[in-house]
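Report on the following structure.
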Amino acid sequence: MLPPVPRIPEAKELVDEGKYFVVRGPRQSGKTTSLQALAAELSAEGEHAVVYVSCESASTMAAEDAPAEVRILSEIAATARLSGLPDNCLPPEPWPEAPGGTRLLRGLSTWAAECPRSIVLLFDEIDALQGDELISVLRQLRQGHNTWSLPFPHSVALCGMRDVRDYKAASGGDPSRLVGPSPFNILAKSMRPADFTFEQVAELYGQHTDATGQEFTPHAIQRAFHASRGQPWLVNALAREIIREMRVPAAQPITDEHMNAAVERLIVTRATHLDSLSAKLREERIQRVVEPLITGGVLASDVYDDDLAYARDLGLITQSNPIQVANPIYQEVVLRVLAQRAEAAIRIDRPAFLTPDGRMDMRAVLAGFVEFWRRNGEILESGETYHEAACHLIFMAWLHRVVNGGGVIDREYALGRGRMDICVQWPYVDVDGKRAWQWEAVELKVRRPRQPDPVADGLTQLDGYLDRLDLKQGTLVVFDRRPTAPPLLQRTAIEQVTSPAGHAVTLVRA
């Protein structure tokens, strides 16, 4: 376990200064661990009356018999009694009576007036509250903070998946335009626990080596960091998958091949964390961001900054520009979830796509796709929720079925590039009997209405991709999405061309 408090480095200083602040981030990113560690560290100093409170048990779904403010006060009292605070620092029992909508304000004010220490409240899972109850709690905290003559908690932290600017959406407001006054416009800082660096991943895995003697090879650590980009849950889940589920013996070092297998197993099984993330893909706000990422297009004019912020708060996309899916594992999950309908329609015999020496026959793979596309493309396209990305998803579904855990598919996609780059890595045994890897590069482009034929640009772009991969040949697939395009049977074809840089390219028009 890495030290958790340094992951929210400004929090202690904000508490000392009496500030109200937000800790936000996606699920399983270390927020709760960091907040609890902060509570323990502050309590050990003895200067504050520190209470960590989870609002999950006070959510509307948890109990319908009392307002949220009453349930929160009850949770504060119960947690404070278990936290080891001196008796003279405990909240009043019972809490004072007050009209609805003011009970939290009155209760915390009474406690602050009686407590000899300054009070620090750390509210976890604050966005478990919903609707008017959430707004009421936030407004009472704001009123207590702003009323200087009223004794009130010294510092308050709100922790959840969303930033405060998005709580209006959680309370039923229009998520596409979060305008108007904020119910909690007093915060000094909104922070997100940082993902692990490569050095931190190595340190974390090194603790396992120190405890058991089992080594993670440098390539395994590099592969884990590349696949997860340091997302804490993924970093831990990959190691756990290898050690607990794959049961690699302790005497055997963990290699990049073990890590590749763990990545695939996590993606296929879609553990709870990944499944909850994939459920968000059907939300309109997320589709407006993710769909142009897949196609390489640009964000539509109706995509608001709040949509991007929401996707970032979920941890789905990078925290800074250029906008990309946050890590390769999420990239794979996004595409597999969205392509699963098309993938279910594909029936293939993988040996038919392999050469006698075990290599992938890319020409056969492409010919098989063309035949499948001619028969099913229009039907599958018409049923896709992500209609603009339908052809990309169907092609990826075909590759998934061909590779099917036997190899690796790496993708590069980002806004504004106008393409998706794909690298298929397939293992085989070379003439010396050693394991080797075959690499195949594919670029996907789309021809849309009022746009020129993208083949020329695609070949130039593919040259750059092939040079980066140090390959001599590749594939360019161009989907024609114009209403005036020839019928599918007439326009779908495969031909061999030469790129401007002299690479041999298989051109697929679909």
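The values are calculated or read from the model by the stated rules, or taken from the named source; none is laboratory data. All of these numbers come straight from a predicted model, not from anything done at the bench. Positions of Cβ are backbone-derived with ideal geometry, glycine not excepted, and every protein chain shown enters the neighbour counts. These accessible areas exclude ligands, DNA and RNA; they are computed on the full protein's heavy atoms, side chains included. Shrake-Rupley method; radii C 1.70, N 1.55, O 1.52, S 1.80 Å.
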- [ ] Any chance you could get the radius of gyration and Dmax over the Cα atoms of the chain, in Å?
- [x] 27.2, 84
- [ ] Check the straight Cα-Cα distances from residue 434 and name the aspartates and glutamates below 14 Å, setting aside those fewer than 8 residues away within the same chain.
- [x] 357
TODO: Please calculate how many Å² of accessible area the chain carries per residue, with a 1.4 Å probe and no DNA, RNA or ligand atoms counted.
DONE: 44
- [ ] Assuming R0 = 41 Å, can you tell me the calculated FRET efficiency for the pair residue 113 and residue 280, based on Cβ-Cβ distance, to the nearest 0.05?
- [x] 0.40
Task: Sum of -39500 (n - 2.57) over DSSP H runs of 4+, divided by residues of the chain (222 nm, nearest 500) - done: -13000 deg cm²/dmol
Open item on the list: Please report the spacing between the Cα centers of the stretch 186-207 and the stretch 439-510 in Å, no decimals.
Closed with: 41
Open item on the list: About the Cα centre, and with charges only on the beta carbon of Lys, Arg (+1) and Asp, Glu (-1), how big is the dipole of the stretch 376-424? Nearest 20 debye, please.
Closed with: 160
- [ ] Name the lysines eligible as straight-distance cross-link partners of residue 189: C-alpha to C-alpha under 26 Å, and not fewer than 8 places from it in the same chain.
- [x] 12, 19, 31, 168
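Ordering 199, 440, 264 from largest to smallest accessible area (1.4 angstrom probe), what's the sequence?
Numbers: 199 125, 440 25, 264 45 Å².
Largest accessible area first, the residues go 199, 264, 440.
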Open item on the list: I need the Kirkwood Rh of the stretch 241-331: take the reciprocal of the average 1/r across all distinct C-alpha pairs and report it in angstrom.
Closed with: 15.0
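Expected output is a single nm value to one decimal: the length gained when fully extending between residue 269 and residue 139, i.e. 0.36 nm times separation in residues minus the C-alpha distance. What is it? Present the calculation step by step, with values, prior to reporting the outcome.
On the way: separation 130, 0.36 × 130 = 46.80 nm, distance 4.21 nm.
Extending this stretch completely gives an extra 42.6 nm.
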Task: Computed magnitude of the charge dipole of the chain (debye, nearest 20; Cβ of K, R +1, Cβ of D, E -1) - done: 1220
